[in-house]
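The structure appears right after this line, and notes come after that.
The values are calculated or read from the model by the stated rules, or taken from the named source; none is laboratory data. For clarity, every value in this text was computed on a predicted model and none was experimentally measured. Note: ideal-geometry Cβ built from the backbone for every residue, glycine included; neighbour counts use all protein chains shown.
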Amino acid sequence: MVVKGNTTGVVQKFSLMPRPFRAQEVRSILIRTVSNGVFNSTILRSDLAALLGVTARSATTSFFMSGMAKLVKIECWAPVAVAGTSVTTSIEWADSSASVDFESPPVTFSDTSVSFDRPAHLQQHPPKRSLAREWWDTNSTSAIINFACPAGTTVDFLLDWVLDDGLAAFNHVGPTLIAATPGQHYHHPVQAILIPQSVQSL
């Protein structure tokens with residue numbers, strides 16, 4: 001609809017009907033973790049969903065903050081702790097879901113440092129056209145990467161997610177918590193070794 005003859009001399013255009021809108025935006029979050037010990041294990045999609053964030057329902061139960069998430073990037077820095085002793089960190093893209101017809105290529109990337117001056121460093125995005133690059137249900141317990149690093153390694157996880165504010169939130173049960181405050185948001189450590197930094201963790 002066009003309105004003419006207003007006192008400002010400007011032609012105004014507006015619609016008499018509500019316009020389409022996006023109810024939820026895709027959000028990004030970078031969670032920094034530090035390993036409190038040697039990590040050499042498979043990281044599951046549900047591990048990353050718990051790291052992304054959960055809401056405490058009671059002192060021991062939780063719901064995932066998002067029903068769907070996507071891993072955008074993982075980056076790590078592994079420092080040399082003892083002179084003359086090298087450190088190595090590695091990332092292998094590996095899916096273990098037998099219910100799909102395709103998986104991520106099982107490619108391993110590694111870096112080693114022998115000097116205090118330079119940590120072992122890796123920065124990896126999920127391979128193009130791989131399953132690891134796609135959105136996944138936060139209830140999924142399938143593997144996404146095999147990861148190894150020494151104690152003291154800084155590991156960043158960049159994740160895309162959508163706030164789960166619908167009824168479907170009750171279908172995404174999170175991990176068991178200890179002495180949580182109901183209604184509070186927490187970022188859950190990955191297998192009690194990769195500890196989130198500068199955020200509320202439990």
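Results, tabulated for the structure shown:
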{"item": "When residues of segment 133-154 are limited to those that are assigned to a loop (DSSP other than H, G, I, E, B) and at pLDDT 95 or above, the one nearest to VAL87 (Cα to Cα)", "result": "PRO150"}
{"item": "Sole residue being in contact (Cβ under 8 Å) with a residue 24 or more places away in the chain, hydroxyl-bearing (Ser, Thr, Tyr) and part of a loop (DSSP other than H, G, I, E, B), chosen from THR60, THR55", "result": "THR60"}
